[in-house]
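Working notes, structure below.
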Amino acid sequence: MQSATTVRATALPSVTDALRAMESFLMAAGQRTARRNAWTAVLEDRRRAKDRTEAQHVLEAVASRRS
């Protein structure tokens, strides 16, 4: 007589999920918000720097065509 075996698939948490869980455990809510706001500001600064670089390249290309 054979018994039926039930197999369950459980998703393993991603690294991001694990880090967020540790963050919420270790930091107060205000610290988490401040850190996320700071990271958002860093990403925005990087985007603006990339935009400035691209604009500078366009301006240099236009200036070299006129010369």
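The values are calculated or read from the model by the stated rules, or taken from the named source; none is laboratory data. In this text the structure is predicted, and so the values were computed from the model without any measurement. Cβ sites come from the backbone with ideal geometry, for glycine too, and all protein chains shown count toward neighbours. Ligands, DNA and RNA are excluded from the accessible area calculation, which covers all protein heavy atoms including side chains. Shrake-Rupley method; radii C 1.70, N 1.55, O 1.52, S 1.80 Å.
Key figures
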item: Length added when fully stretched, residue 25-residue 48, from 0.36 nm per residue minus Cα-Cα; result: 4.9 nm
item: Two-site label geometry, residue 35 and residue 66: point separation in nm, points 7 Å out along Cα→Cβ; result: 4.9 nm
item: On Cα atoms only, tilt of 29-66 relative to the major axis of the chain in degrees; result: 40 degrees
item: Net charge, residue 13 excluded, C-beta distance under 14 Å - Lys, Arg +1, Asp, Glu -1; result: -1
item: Calculated [θ] (222 nm, deg cm²/dmol) that DSSP helices of n ≥ 4 give over the chain, each run adding -39,500 (n - 2.57); result: -26500 deg cm²/dmol
item: Of every Cα-Cα pair in the chain, the percent that sits beyond 16 Å; result: 73 percent
item: Nearest 10 degrees, 0 to 90: helix 15-26 Cα axis against the chain principal axis; result: 80 degrees
item: Cut-off 15 Å between beta-carbons: net charge of the residues surrounding residue 52, Lys and Arg +1, Asp and Glu -1; result: -1
item: Solvent-accessible area per residue for the chain (1.4 angstrom probe, square angstrom); result: 98 Å²
